[in-house]
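> Structure provided below as structure tokens; questions to follow.
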Amino acid sequence: MPATSLDQVVSLAKRRGFIFPSSEIYGGLQGVFDYGPLGVELKNNIQADWWRTNVYERDDMEGIDASILMNRLVWKYSGHEETFNDPLVDCRKCHSRWRADHINGKCPNCGSTDLTEPRPFNMMFKTSVGPVADPDSFAYLRPETAQGIFANYLNVQQTMARKLPFGIAQQGKAFRNEINPRNFIFRVREFEQMEIEFFVMPGTDEEWHERWLEARLQWWESIGIPRSKIQVYDVPKEDLAHYSKRTFDLMYNYPTLGYEEIEGIANRTDYDLGSHSRDQETLGLTAKVHPNNDSIVRMTYFDPELKRHIVPFVIEPSAGVGRCVLAVLCEAYDEQKVKEPAADKLEAVGQALQSFLKSVGRNEKLSEEQKSALSERGEAIAANLSENLAQIESLLAMSGADQIEVAKKLRGQAQPLVDENFRTVLHIKPKIAPIKAAVFPLKRNNADLVNTAKSIRKQLQLTGMRTVYDDTGAIGKLYRRQDEIGTPNCITVDFQTLEDQTVTVRDRDSMQQVRVAIPELEAYLREQMK
RNA sequence: GCGGGAGUAACUCAGUUGGUAGAGUGUCUGCCUUCCAAGCAGAUUGUCGCGGGUUCGAGUCCCGUCUCCCGCUCCA
């Protein structure tokens with residue numbers, strides 16, 4: 001069963017080298033994270049799979065990689081400069097928040113003059129450009145990658161001789177100065193996007209919008225996020241972004257966070273190309289755009305059949321890489337029972353759990369919501385304690401649980417049992433797993449086993465599969481280690497290997513082993529990765 | 001930004017009325033070990049978040065500050 005608490009995933013990500021807080025040695029920087037050795041593999045694999053699916057396996061797509069710094073006018077006409085820039089103040093008395101330029105040093109709500117300094121609520125980061133740091137020579141770090149595509153629309157369409165419909169795909173960093181970054185890598189200030197701008201004939205946009213929704217759901221399923229875990233949210237008109245006619249948000253049910261957006265699929269109409277175009281009045285635009293006297297080109301498409309210039313509509317599927325990595329980890333996470341816990345110890349945990357639940361009922365500091373959430377969860381665990389033992393940790397991570405005195409006792413009794421009888425395993429789809437195979441000698445004090453294992457690992461690596469060698473523990477410990485990072489196959493060199501050149505290959509999910517001849521290993525592993 | 005909680009070894013946590021910092025796990029070395037976190041012996045790590053104060057003496061008491069978590073707020 002997938003992660004029941006975000007903490008489980010955060011802790012695993014840190015412990016095993018997936019994700020670290022940025023510049024941690026100096027106390028970190030809020031809303032910024034680094035990918036470690038395994039995280040970067042997972043992330044790269046996901047991005048490569050997205051690229052393969054959307055660029056290589058379609059015949060209506062091109063890729064680009066635009067710069068992060070762009071001419072400021074891009075952000076003026078995209079609408080971001082206007083909608084991303086507000087100086088805000090907080091009222092210290094009633095805690096309301098106002099735009100500084102809308103009030104006169106006085107809180108409109110309670111009349112207090114005890115206000116914080118105005119802070120620019122500037123979603124866009126600025127950096128100075130050129131040798132002189134005067135106030136006018138700055139550029140924004142892009143808050144979305146999309147504009148790099150729109151700005152290159154004509155370059156791509158003309159150099160690649162594309163006809164509608166076609167799309168441009170891009171992956172890259174974007175930056176937003178979030179007021180309150182939180183929830184691990186879910187809301188961050190520096191993040192990576194995977195975006196497509198798909199250009200279509202006006203009038204066919206709604207049909208393409210639906211088609212892209214379907215295509216994107218298929219992709220999510222292919223990397224291990226089943227449709228049943230995604231809710232398609234048809235964003236209400238009043239909540240739509242300034243550029244959108246209609247948007248589907250794909251919402252994944254994250255543990256702890258609940259349903260949150262992993263991808264937005266927006267119908268951006270002719271807003272963007274229209275906004276960046278000259279001679280707007282001659283284009284018959286449907287979107288409301290700001291008059292543009294700076295652009296030097298018409299962002300149009302000449303239709304050879306209609307024999308006239310039109311402004312394409314745009315469908316934009318846009319996903320965040322970090323949120324995707326997080327969803328994959330949450331969905332793949334599992335704490336699985338591999339042995340039956342000792343009956344007496346299990347009973348002790350059961351009693352501790354019951355006294356925990358009684359304390360919850362009696363505690364006066366907890367809200368009714370917290371009480372019922374804790375009780376409900378606790379009862380569910382108690383109903384089948386031996387299977388659910390590993391979930392006690394996430395019960396104790398729930399809101400309010402830290403108020404209960406016996407929580408520590410419960411954890412103290414449950415944790416050793418979980419360590420002894422459960423394994424943590426990431427059921428990551430093999431094609432995106434950070435490590436494809438690990439190679440072990442059955443015994444590390446036997447030179448023949450060690451050398452054979454090392455040479456197998458090297459041969460496999462030369463085929464392009466990320467593989468590792470490990471002998472720093474007994475075989476069972478080595479298996480568990482790989483389970484925890486989602487390695488789909490473990491190859492063990494044993495004494496029979498030295499006689500007949502076969503090895504055992506152990507499957508991560510079933511823990512079953514098969515014997516495979518060394519020369520057939522690569523083909524066997526490739527088959528597993530499909 | 002406001003309110004509440006928490007910061008002690010790589011991790012999970014003990015640490016009594018203030019008296020020289022502990023356990024388990026992990027990691028490393030050696031022995032042993034023929035497939036699922038085995039055993040034995042040894043080694044390893046701390047400015048007790050940071051800065052001040054009280055005290056003969058502070059992990060412990062006081063003040064300030066930073067970071068993280070939860071709730072509110074905000075939100076691409």
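> Identify all residues within region A:306-361 that are within 14 Å of RNA strand B (Cβ to nearest atom) and charged (D, E, K, R); write none if there are none.
A:316, A:323, A:334, A:335, A:337, A:339, A:340
> Still on this model: In region A:290-315, what residues are in contact with a helix residue (DSSP H, G or I) (Cβ under 8 Å, 6 or more places away or on another chain) and in contact (Cβ under 8 Å) with a residue 60 or more places away in the chain?
A:290, A:292, A:294, A:295, A:297, A:299, A:301, A:311, A:312, A:313, A:314, A:315
> Working only within region A:57-80, note down all residues that are among the hydrophobic types (A, V, I, L, M, F, W, C) and within 23 Å of the chain's Cα centre (by Cα).
Scanning region A:57-80 gives A:64, A:66, A:68.
> Taking interchain pairs and intrachain pairs at least six residues apart, which have beta carbon atoms under 8 angstrom, with the first residue in region A:243-259 and on the phi > 0 side of the Ramachandran plot and the second near RNA strand B (Cβ under 10 Å from one of its atoms) and hydroxyl-bearing (Ser, Thr, Tyr)?
Pairs that qualify, where the first residue is on the phi > 0 side of the Ramachandran plot and the partner is near RNA strand B (Cβ under 10 Å from one of its atoms) and hydroxyl-bearing (Ser, Thr, Tyr), are A:256/A:5.
> At least 2 residues that are near RNA strand B (Cβ under 10 Å from one of its atoms), within 30 Å of residue A:351 (Cβ to Cβ) and free of Cβ contacts under 8 Å to residues at least 60 places away in the same chain in each: list the helices (runs of 4 or more DSSP H) lying fully within region A:397-500 that qualify.
In region A:397-500, the matching helices (runs of 4 or more DSSP H) lie at A:407-421.
> Could you check region A:111-184 for strands (runs of 3 or more DSSP E) lying wholly inside it with 1 or more residues that are at pLDDT 75 or above?
Because the criterion is at least 1 residues that are at pLDDT 75 or above, the strands (runs of 3 or more DSSP E) in region A:111-184 that meet it are A:126-128, A:138-140, A:166-175.
> Having 1 or more residues that are over 35 Å from the mean Cα position of the chain (by Cα) and more than 30 Å from residue A:222 (Cβ to Cβ) is the bar; report the helices (runs of 4 or more DSSP H) wholly within region A:316-387 that clear it.
Once the helices (runs of 4 or more DSSP H) in region A:316-387 are filtered for at least 1 residues that are over 35 Å from the mean Cα position of the chain (by Cα) and more than 30 Å from residue A:222 (Cβ to Cβ), what remains is A:343-362.
The values are calculated or read from the model by the stated rules, or taken from the named source; none is laboratory data. Since we're looking at a predicted model, the values are computed, not measured. As a convention, Cβ positions derive from the backbone with ideal geometry for all residues, glycine included, and neighbour counts pool all protein chains shown.
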